[in-house]
Amino acid sequence: MSPDIHPQAAGDIYPQAARSVHGDGTQTAHPPAHPNNIGQDVIRQDSSRREPRLLAAGPDAGWEQHLDTFGHWDPQAAGPGLLEALAAAGLTGRGGAAFETWRKASAAAGSGRKGLFPARPVVIANGAEGEPLSFKDRTLLARAPHLVIDGLLAMAAALGGAGMYVYAQAASLPRIQQALTERPGARKIRVVEAPETFISGESSAVVNMIANGIAVPMDQRRRLSESGLNGRPTVVVNVETLAQVALIARYGAQWFRQAGTSTDTGTRLVSVSGPAPVRDVVLEVPGGAQLSAVLQEAGMDPASLSAVLVGGYHGRWVRPAAHVLSPVGPPDGTARPGAGVIHALDLQICGVQATARIVTYLAGGSARQCGPCMFGLPAMASVLNRIAGGEINSRLIFELDRLGRMVSSRGACRHPEGTTGLVSSALEVFAADFRAHLSGYCAGPGGVAA
Amino acid sequence: MTTYLHIDWTSCDGRGLCTELLPAVLARDDWGYPVARGKVGRERTDVPLRDADREAAQEAVFLCPKLALSLLERTPPKPEQRTPGR
């Protein structure tokens, strides 16, 4: 951590107005908020910070813009104190599981020191982003690759000189490679292409791809933090998490905690999409943000939406009103951001059909290794499609529930229970639509809600 | 320390020998794959064993035609400690 940058100076490093980055690459500038302006625009104040953090260096920040915005800094200086800073900051993983980053890193650091010939650990920056509705990681890699690289270098230094990889889809690679060549100290970072499959970003699939060229999850008798890539202690960290690590290493835990709540600290990027004509947009929102305020920020009226998919295809459907976006909190009233996906469904779309489409996709996205998943998910998709297609048979609901309980937690990865969780939220949120379908009406655009 | 029967789902082919050797521990699902009786969560993949079942489990490990089973000796994880990357 660099002691000469005082947390109070944080405001000075954000000379630019906050920006929303749209999926098509364009952006909208918001007026910078005046600190005394609170009250005029209460919801917006609650919904998102005025000053950007992760994308502060502006569009497509090269090495020069990166240095201009964040200043010169040596990631080697992070050292072992980095993990303490991450613990104090309360940073959790931004890839989906929201596990505490310092614990994950410490586990690998501890394993690496054991034994007669200690194995050098490995850190992998995971930008695979197989979620069809997620685009925040590729946006971050395109616009602020140096912040991700800073975080990777700092994390590797903190783990005593760990090996380094960046794992991302083909479209992100040229920008990453360009960033690696234009900065010092990054020559040892290796870049591996992630296939465009749903499962390719699962942590054991990441290790399997780098080691064996096959991006499917591996059976884990031992944890990756004990024995991962080539038997070394391995930490697979989402690219946004690493960018947050870079900021915490520079400005400290207290600065990080200026955004968010005491239990959900800092900010996170979310990929927000919704019904046309709303444009897909990446927003940086504080921990514990109101879901309705985030939707408004993206240009949607929460009252005109039937439901919102939060967390991606392994997430949950929720009603837009009165939900807080946070990985911790009571189940009613808290929506777990997961991989940072927020996808709104308008009143014209039938939730049963939308869920059937997603589960069909997920069934096809199985790695076809583990029987319960390979057979169970297509069975669930089939039942859902029969309901969506108008089959009048109330036993189909019980069958869906039975199959969900059957497949859950039986596989090398969490694909089965992720899918089951989505289905159970659909049964809850779209209960009226399911009832209508099973009584022989609804079906098709218009739904019961319309 | 507790002994766990670890099921490698990527190798398991649902042959069913383990469910015959350990009928009190494992049932079979619709497709013939083992289901840990009365277990939820990751205990369906790392199935905790009673001492009485350990010998039969050992036999299942040796006889599984797909080499999908193994025994783990582990201290049970505390409920509040989730494990990363699992």
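Observations, loosely collected:
- If you go through region A:218-229 and keep only what is within 9 Å of chain B (Cβ to nearest Cβ) and open to solvent by less than 40 Å² (accessible area, probe 1.4 Å), you end up with A:Gln220, A:Leu224, A:Ser225, A:Gly228.
- Residue count for region B:33-65, restricted to those that are free of Cβ contacts under 8 Å to residues at least 40 places away in the same chain and within 17 Å of A:Cys370 (Cα to Cα): 8.
- The one condition in (1) within 14 Å of another protein chain (Cβ to nearest Cβ); (2) crowded, with 22+ Cβ neighbours inside 10 Å that A:Arg232 fails to fulfil: (2)
- Which listed residue is within 14 Å of another protein chain (Cβ to nearest Cβ) and of a type outside the set (Phe, Trp, Tyr), from A:Ala168, A:Ala243, A:Ala215, A:Ala162: A:Ala215
- Listed by position, the helices (runs of 4 or more DSSP H) contained in region A:372-445 that have at least 2 residues being within 22 Å of B:Val35 (Cα to Cα) and out of contact with any strand residue (DSSP E or B) (no Cβ under 9 Å at 6 or more places or on another chain) are A:395-407, A:415-429.
- Scanning region B:60-86 for residues that are in a helix (DSSP H, G or I), away from chain A (no Cβ under 14 Å) and either surrounded by 15 or more Cβ atoms within 10 Å (Cβ to Cβ) or modelled with pLDDT under 95 (or both) yields a total of 1.
- Residues being in a helix (DSSP H, G or I) and either open to solvent by less than 20 Å² (accessible area, probe 1.4 Å) or touching a Cys at 6+ places or on another chain (Cβ under 6 Å) (or both) - total across region A:70-79: 3
- Count - residues of region B:1-12 that are within 8 Å of another protein chain (Cβ to nearest Cβ), touching an Asp or Glu at 6+ places or on another chain (Cβ under 9 Å) and assigned to a loop (DSSP other than H, G, I, E, B): 4
- Matching residues, region A:275-291, being open to solvent by 10 Å² or more (accessible area, probe 1.4 Å) and more than 30 Å from A:Ser366 (Cβ to Cβ): A:Ala276, A:Pro277, A:Val278, A:Arg279, A:Glu284, A:Pro286, A:Gly288, A:Gln290
- Which listed residue, of A:Val318, A:Val294, is open to solvent by less than 10 Å² (accessible area, probe 1.4 Å) and within 18 Å of the chain's Cα centre (by Cα): A:Val294
- Check on B:Val35, within 14 Å of chain A (Cβ to nearest Cβ), part of a strand (DSSP E or B), hydrophobic (A, V, I, L, M, F, W, C) and surrounded by 14 or more Cβ atoms within 10 Å (Cβ to Cβ): yes
- Top-ranked residue in region B:38-51 [being in a helix (DSSP H, G or I) and over 12 Å from the mean Cα position of the chain (by Cα); ranked as nearest to the other protein chains (Cβ to nearest Cβ)]: B:Gly41
- Flag for A:Thr360 being open to solvent by less than 10 Å² (accessible area, probe 1.4 Å), under 27 Å from the mean Cα position of the chain (by Cα), more than 14 Å from chain B (Cβ to nearest Cβ) and β-branched (Val, Ile, Thr): no
- All of (1) within 14 Å of chain B (Cβ to nearest Cβ); (2) in contact with a Phe, Trp or Tyr (Cβ under 8 Å, 6 or more places away or on another chain) hold for A:Met380 with one exception: (2).
- Verdict on A:Ala367 being surrounded by fewer than 22 Cβ atoms within 10 Å (Cβ to Cβ), within 14 Å of another protein chain (Cβ to nearest Cβ) and in contact with a helix residue (DSSP H, G or I) (Cβ under 9 Å, 6 or more places away or on another chain): no
- Residues (touching a helix residue (DSSP H, G or I) at 6+ places or on another chain (Cβ under 9 Å), in contact (Cβ under 8 Å) with a residue 24 or more places away in the chain, open to solvent by 20 Å² or more (accessible area, probe 1.4 Å) and assigned to a loop (DSSP other than H, G, I, E, B)) located in region B:13-32: B:Asp13, B:Ala24
- Being farther than 21 Å from A:Arg223 by Cβ, open to solvent by less than 20 Å² (accessible area, probe 1.4 Å), in a helix (DSSP H, G or I) and small (Gly, Ala, Ser) is a condition met by at least one residue of region A:80-102.
The values are calculated or read from the model by the stated rules, or taken from the named source; none is laboratory data. Just so it is clear, the model here is predicted, and its values are computed rather than measured. FYI the Cβ positions are ideal-geometry reconstructions off the backbone, even for glycines, and counts take in every protein chain you see. To get the accessible areas, we keep the full protein, side chains included, count just its heavy atoms, and leave off ligands, DNA and RNA. Shrake-Rupley method; radii C 1.70, N 1.55, O 1.52, S 1.80 Å.
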